[in-house]
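Just so you know, all these numbers are worked out from the coordinates, no wet-lab data involved. If you're wondering where the values come from, they're calculated on a predicted model, not measured in any experiment. We place every Cβ from the backbone using ideal geometry, glycine too, and count neighbours over all the protein chains shown.
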Amino acid sequence: MDVVDKDVEALIWRLALRNAVKFGGKARVKPVIGKLLSERPELRRFARDLRKIVEGVVEKVNSMSLDEQEAMLDEVWPGWRVEKVSKAEAKKGLPPLPNVERYERVVTRFAPNPDGPLHLGSARPVILSHEYARMYDGKFILRFEDTDPKIKRPILHLDPDESSEYDYIRRDLEWLGVSWDEEYIQSDRIEIYYEYARRLIEREGGYVCLCSRERFKALRDSGRACPHRSHSVEENLRLWDKMLSGGFKEGEAVLRVKTDLSHPDPSVRDWVAFRIVDPNKSPHPRPSVAEKKFWAWPTYNFAVTIDDHLMGITHILRAKEHLTNTVKQKFLYRHMGWDTPEFIHFGRMKLEGMVLSKSKIVKGIREGRFRSWDDPMLGTLRALRRRGIRPEAIRDLIIDVGVKPSEVTVSWENLVAANKRYIEPVAERYMFVRVSKGGKPFKVMIDGLGKSYGQLPRHPSYPERGVRRIPCGSPEFYIDAGDVEGGLVKPGLELRLIGLTNIEVASVKNHLVKARSIGDDPEYAKRRGLPIVQWVPVSGAVPVRIVKPGVVESGFGDPGLRSLKVDDIVQFIRYGFVRLDEAGEELIFYYAHE
């Protein structure tokens, strides 16, 4: 594959060797691909082909001894040993985790409900959990929590490479640069939950309740016990088997966890661990699970507690809205005789000006208000990616917010500031002019120009990068409609066309501006304080469309835009940063920010 030059191949070897050394001599393909695409995002469109190459390198690396791997890593990455020693020190943005010394290895997890792509709010627990696992050379687990067959998963499949909600989330994580060491899907683990439910009953920590919802609520709210609470272990096991075999209809029986009947929060009192879901009426969305016809399904709190224990999760980072769930889960830990992990709760992160609600997004897509999950009005990760927001910027923002227990409000400006640190130094400058509100361009014809090209610095802050020559086939140019309609271009006024010439406007009529050149000296323009306007030669002008939140703008860009590749981010002078989304006869950009 042409994209794999020597530099890319060397990077793959370096990442595979580093991953192998980190995990005792065995590299894993997924983390290597995730890190590769994080460091070289322009390679994402070749992900499928890259996987084959990475698999080949990983196979070769894993055939080596650990000593051989370390020796080779010393050759291709001399600084890796120093980096390993200083890793925890480098993560100064995060406070230390509590009670790390209790555990042989820090293990964290991200456990999404697969009901659609991730958004900026979802990124917080992901990044915090992932960063802490890497900070302590620990393990990071991805676990899909999908044990409620009745939850509608109204995803609108708009990408043929992503066939499920699970794939959507995996791709979002890979874009964030998040690699996971293990992956689980809870609906594949139902029999495990059944086993531990039986153990709970045998330890007299659970019972099958046959009360109606209304009857149990009345008992619970008054602090009284359900009449089935005192059933023997044998009777509860008999009823439990009946739940498993489809002997009860929905609502006729639940398995409850015994808690404190006088607990101040009524929702904590004898909470539900399993409920009946008719597999014929509400089949699970995954066909391989639906065909097994499970009747009893664990609730969130039961499945989470069992999995967190079995998977060795040491530190659980989640929002304060889970505080009540933590209280409930601790009762189950006590019944099973297990040590509780460290629970770390952070305050809600409010996001101004972004649509995050998945139900609102789906409704908006179906009604035509949003184009898709990556509409620029949305706060989904794929929308931010399409606009040119870098994953590193999102990470920095989340790390900066940290794990504070108080609420934090994040504005679009906060994210823009973080993103600029990454794209401003690398985004080269180009010119773009908008057409009028009626769709017609404004032209300027310059008398006495005497030049065949203009000149524009690739980046004004880095003169060593040189300049771009913009050929002018004739003295006829497009200029920005906003400059004309805003009154900047008027008869008698002098202007400077950036990198080209100074002009005096003679007339403005019917979208045509006539002017004469008054010299090329930029110092003259500075002394006179002339307005600076951008321009595009009519000869070689590139049709451009820019997708912004709620609006699409059209115009023309300078000929140099034809050299760009999809995903390139550039800055249009006096307009803002944009990302190339489609390259055809017309170039389609997505607007990032100013």
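Observations, loosely collected:
- Fraction of alpha-carbon pairs over 15 Å apart in the range 349-423 - percent: 57 percent
- The H on the amide N of Ala319, modeled in the peptide plane, is under 5 Å from the matching H of Phe346, each at least 5 residues off or on a different chain.
- Using θ = phi - 60° in the Karplus curve 6.51 cos²θ - 1.76 cosθ + 1.60, the 3J(HN,Hα) couplings for the range 557-567 round to x, 6, x, x, 5, 5, 7, 6, 10, 4, 5 Hz; x is entered for Gly and Pro.
- Note that the range 268-318 shows a convex hull volume over its alpha carbon atoms of 124 Å³ per residue.
- By the rule of a C-alpha distance below 29 Å, with chain neighbours fewer than 8 residues away ignored, the lysines paired with Lys509 are Lys437, Lys440, Lys443, Lys451, Lys490, Lys526.
- The Rg/Rh ratio for the range 427-594, using Cα coordinates for both the radius of gyration and the Kirkwood hydrodynamic radius, is 0.95.
- For Ile470, the residues whose modelled amide H falls within less than 5 Å of its own, excluding neighbours fewer than 5 places apart on the same chain, are Gly454, Gln455, Leu456.
- Computed from phi, the 3J(HN,Hα) profile of the range 241-247 under the Karplus parametrisation 6.51, -1.76, 1.60 (θ = phi - 60°) reads 4, 5, 4, 5, 8, x, x Hz, with x in place of Gly and Pro.
- 25 °C / 0.890 mPa s Stokes-Einstein diffusion coefficient of the range 378-455, Kirkwood radius on C-alpha pairs, µm²/s: 147 µm²/s
- Once Rg and the Kirkwood radius are both taken over the C-alpha atoms of the range 1-85, their ratio Rg/Rh works out to 0.95.
- Relative compactness, the chain, computed as alpha-carbon Rg over 2.2 N^0.38 Å: 1.22
- Seen from all directions on average, the range 140-280 presents a Cα convex hull projection of 11.4 nm².
- Cα coordinate range in the range 310-446, projected on the principal axes (Å, largest first): 85, 39, 27
- From the alpha carbon centroid of the range 98-135 to that of the range 547-594 is 35 Å.
- Those chymotrypsin sites (Phe, Trp or Tyr not before Pro) in the range 1-77 that DSSP places in a loop and that have at most 10 other beta carbons within 10 Å: none
- Principal-axis tilt of helix 412-423 within the chain, Cα atoms, nearest 10 degrees: 70 degrees
- Within the range 186-224, none of the chymotrypsin sites (Phe, Trp or Tyr not before Pro) combine a DSSP coil assignment with at most 10 other C-beta atoms in a 10 angstrom radius.
- The range 223-291: GluC sites (Glu not before Pro) in DSSP coil with no more than 15 other Cβ atoms inside 10 Å: Glu250, Glu252, Glu291
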